[in-house]
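The values are calculated or read from the model by the stated rules, or taken from the named source; none is laboratory data. Quick caveat: nothing in here was measured; it's all calculated off a predicted structure. All Cβ positions, glycine included, derive from the backbone under ideal geometry; neighbour counts span all protein chains shown.
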Amino acid sequence: MKEKTDVLQGTLALMVLKTLDVLGSLHGYGIARRIEQISGDLLAVNQGTLYPVLLKLEQEGAIASEWGASENNRRARFYRLTREGRKMLQAETQDWQQTAAIIGRFFEVKAEDLP
Amino acid sequence: MKSLRRFFTRLFNLASRRAQDERLREEIEDHIALQTAENLRAGLSPIEARRQARLKFGGVESVKEDYRAERGLPLVETLLQDTRYGLRILRKNPGFTAIAILTLALGIGPSTAIFSVVDAVLLRPLPYPRPQQIVRVWEQAPDGHRMTLTDPNFEDFRAQNHTLTALALYNDGPESVSGGSEPARVNVGAVTQDFFTALGVEPFRGRAFASEEQIFHGAPAMIVSYGYWQQFLGSAADLSQIRLTMDGTVYPVIGVMPPGFNFPPGVAAWVPREFVYGVSTSRRAHGPSCLGRLRDGATVEQARADLDSIARRIRNEYGEKVDLTDAAVAPFADAMVGDVRTALLTLFGAVCLLLLVASANVAGLLLARTSARRKELAVRVALGAGRGRLIQQFLAETLALSFAGGVLGILVATWGVNILPAILPANLPQQQAIAVNTPVLLFALAAILAVAGSLGLFAAWRAGAGDLHETLSAGSRSHTDAGSGQRLRSFLVTGEIATTLVILVGAGLLGRSFLRLISTSPGFRQENLITMEFSLPIPQGQAFAMDQSFIARQVHLTDDILARLRAIPGAETVGLAGALPVAGGDDLPDGGFLILNGQKPPANFDEWDRIAQNASQVGKAFYCVAGEGYFRTLGIPLIRGRIFGDQDDLNSPHVALISQTLARQQWPNQNPIGQVIEFGNMDGNMKPLTIVGVVGDVRARGLDFPPSPVIYVDYRQRGMNVNSSPTIVMRSAGPAGQVVSATRGIFHDLAPDVPVKFSTFADEMGGWLADRRFLLLLVGLFAAAALALAAVGIYGVVAFSVTRRTQEIGIRMALGAQRSDVLRLVLGQCGRMAAVGVSIGVVASIIITRFMSSLLFGITATDPLTFVGLAALLSLAALLASYIPARRAMRVDPMIALRYE
């Protein structure tokens, strides 16, 4: 169970970074909505798991946050990507694509393909 | 880098926890509000919209938990939490907490105090530069025993070796030094030229000896210790005007040694040995000690081989004129510590065992409490506490306990270290360095952590044993679990009994040795003896061989003093000798004497050596100057012949008395009276001695040595040279204080420059017994503490078991068991523990006490009486401790007991 959260957290972090990269400053709910829209089920429930990830990213310096007003005029915490976060996103994206490519190739291989 | 930053942020977060919690709460609320608004727009009812929003958000609490875990340092946070919890639990059980803390303090305090002594004496390097290069050197006899050096052999060692940068002779003895603020009897060291170089220490003020001061008949010069300089010279900055008088010679003070320089131990001043004694040519007259400093890179082994080869050369060249075969070299530190090591390690062993007993006792307490807390633990486990968390909680609790105990213990140790100097034997080296310092505190910390760690893990292990869930469902209590806990407690107590027996046996052996020692007769009556040790000035150059005229002056003065002393009211008998037996036994010189068998006495030492080559003509004995009154005063019996009399004077034939042991050794089945002997190597007087009497044996060198062979010579014929420590003994019926003040006046009248040390024989013996008494006192104390702890431990186990078995006892009584049966039942449990514990303890003691056999006197390390007696004592204490709960068990009312559940 723990391992699964780790994977989820890793991918979630990447999704958060990408979302902020695309949409700029956003509050927690906004990020959750956006991820939900794109990923479908992944965050349909347990949106709350987003917040520990946000905190982790902030502590790593990838994102920064400040208080602002949300669309319904409530005080809300807005997150934005920092320069460090942008670098991290680039690196992670590359990593991810590499990993995905390798895994993808593995899945394509059939027994008869092997020499 | 990233992780470091996270760590610091987390550390910061730890401090701002509350604000962070608030922020999350607000964010969550905001999130749910936004989702609710969205749901409302989608057409849900307000209640449903909010419900859906919450559902979608997921478990708020688990998010909070993850958030917190991400935010802070969970380990520290839970540790703080556990510590707080532990402290609360400890506060809630003040009785348990107080007992546990006191018990641990009882273990940690003494071990810390004793460690401070071990650290200062055994572990810390000596206060000299590169102390590992300093060595002690001896000549070694064919039978392997180490001898002090002779001047010519030393000279050869010094000149011919390749492994030492410095080699020096030194010796020390009590002297009268006047010229300071008051005359004082102090120890003065006589040292050869490289002495300070070998130790690597220079005077802190003034200068070291110059070469013209280090020759016989050279210029006198004296260096004083920092202590003497402060006490008697008023810390004078200008030394140029200061003159001190010793043995009639006036010495300018040329230097002051730095504070803390204390070698030979207790010495107040140093003079050049060459100046005082000259250089003897005898290769058999051993006397001074020797130390040296190794060359860089040279080892002790190499130095030994080097000096060995020189010793063999000497042997080849001089044959029977020398008595060495090779040389012995040992690190200075080892030689300094010597036999103190065994005593200190014994003491340290005893405190470590005490700490073990104390820890076992606390472990027993924890165990009892753990069984009572199983339900609480089960609830915690059911709520999701992991094994690690449980262990952590126990560790937090035991840490709090042992830190409290440790701090209390350190306070006890600090206090102990302050009073230790009062009871430490004076011959313990480096004792000024004993303090509660960083290494000692580190030791205490290590002890605290070790105790906390082992107790915490032990308690957690016990708490985790068995099925906790069952505890929860089993209702009131589970007998099986309590049973195994009880077995473990019995096991602990058995171990405690065994350990306690080891300490008890150690203390018992020391105690019996002590009793044997003080009940050993020294060979004379010890009661009501007042002693006066003094030293007479000896003219320069006559330290060894004295002029007839000077001897006559000496005799005149001492006879005057003795006559006046005899006239004091209350003085029964008064006598004079060259050393106080037993307590001052180390001051007695010994050496070989010649049995002349009608031969012409030797005219010089070359002839002396020639006669000595015939082994049948050489005997070995202690040399003691005495007067006729000495034997009467001490009550040493005359066995045959006569004692010194008025007819024995400077001009009459010189006479000697011998002790019974010497008579038996040297002239078995013969009459030694009339034998003529030559002992001029002791006082430079070649006049032969005729044996005129045999006197009773005296344990001259100490009660722990067999009676020594002694040759007594008459002080009125031979005088008292540096080999004697003149001591007047007086038996008096009157109160010692009055008599002493009267004698003080007499000395003041007749010899105002002669400082006298007044004492009583009982006090001198007390000083002589000090180190044994110190060891016995401390080990005895530790043994008593261990015994008390063991008794408490036994009481605890038995009492707990009686409470647990109340119902069973009720049933037994209802079925007709008598009170005596119940008593037997309870005591039986204790008896089993005691029997097993004592058996293990006896075996362990036999193994361990062997190491202290050098500290024992008159008994072996496996003395059966000690073993049996202490095993019985311990068993009795165990039975007494369990008798209290046993009585409670006997009074159990079957009806109440049966309803007890």
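Here are some notes:
- Residue match in the stretch B:574-590 (condition: aliphatic (A, V, I, L, M) and closer than 11 Å to B:Glu678 by Cα): no
- Matching option when the condition is buried (at least 19 other Cβ atoms within 10 Å of the Cβ), among the small types (Gly, Ala, Ser) and over 34 Å from the mean Cα position of the chain (by Cα), among B:Gly180, B:Gly218: B:Gly180
- The listed residues are B:Gln133, B:Gln140, and the only one of them that is outside the structural domain of B:Leu420 (by TED's automatic domain parsing), in contact (Cβ under 8 Å) with a residue 60 or more places away in the chain and in contact with a Ser or Thr (Cβ under 7 Å, 6 or more places away or on another chain) turns out to be B:Gln140.
- No other residue among B:Leu428, B:Leu408 is closer than 28 Å to B:Ile99 by Cα and either part of a helix (DSSP H, G or I) or not assigned by TED's automatic domain parsing to the domain that holds B:Gly260 (or both) apart from B:Leu408.
- Elements of type helices (runs of 4 or more DSSP H) contained in the stretch B:583-686, each with 3 or more residues being in contact (Cβ under 8 Å) with a residue 60 or more places away in the chain: B:605-612, B:628-634
- Cross-chain or 6+ apart pairs with Cβ under 8 Å, the stretch B:547-568 first and over 19 Å from B:Asp683 (Cβ atoms) and at pLDDT 90 or above, then assigned to a helix (DSSP H, G or I) and among the acidic types (Asp, Glu): B:Arg564/B:Asp749
- The stretch B:880-892, residues that are of a type in the set (D, E, K, R) and surrounded by 12 or more Cβ atoms within 10 Å (Cβ to Cβ): B:Arg887, B:Arg888
- Residues (more than 28 Å from A:Lys56 (Cα to Cα) and at pLDDT below 80) located in the stretch B:52-105: none
- Elements of type helices (runs of 4 or more DSSP H) in the stretch B:693-801, at least 1 residues being touching a His at 6+ places or on another chain (Cβ under 8 Å) and either under 30 Å from B:Leu345 (Cβ atoms) or in the same structural domain as B:Val177 (by TED's automatic domain parsing) (or both): none
- Going through (1) at pLDDT below 85; (2) away from chain A (no Cβ under 14 Å) one by one, B:Pro110 falls short only on (1).
- Scope the stretch A:46-102; condition assigned to a loop (DSSP other than H, G, I, E, B), touching a strand residue (DSSP E or B) at 6+ places or on another chain (Cβ under 6 Å) and buried (at least 18 other Cβ atoms within 10 Å of the Cβ); matching residues: A:Ser70
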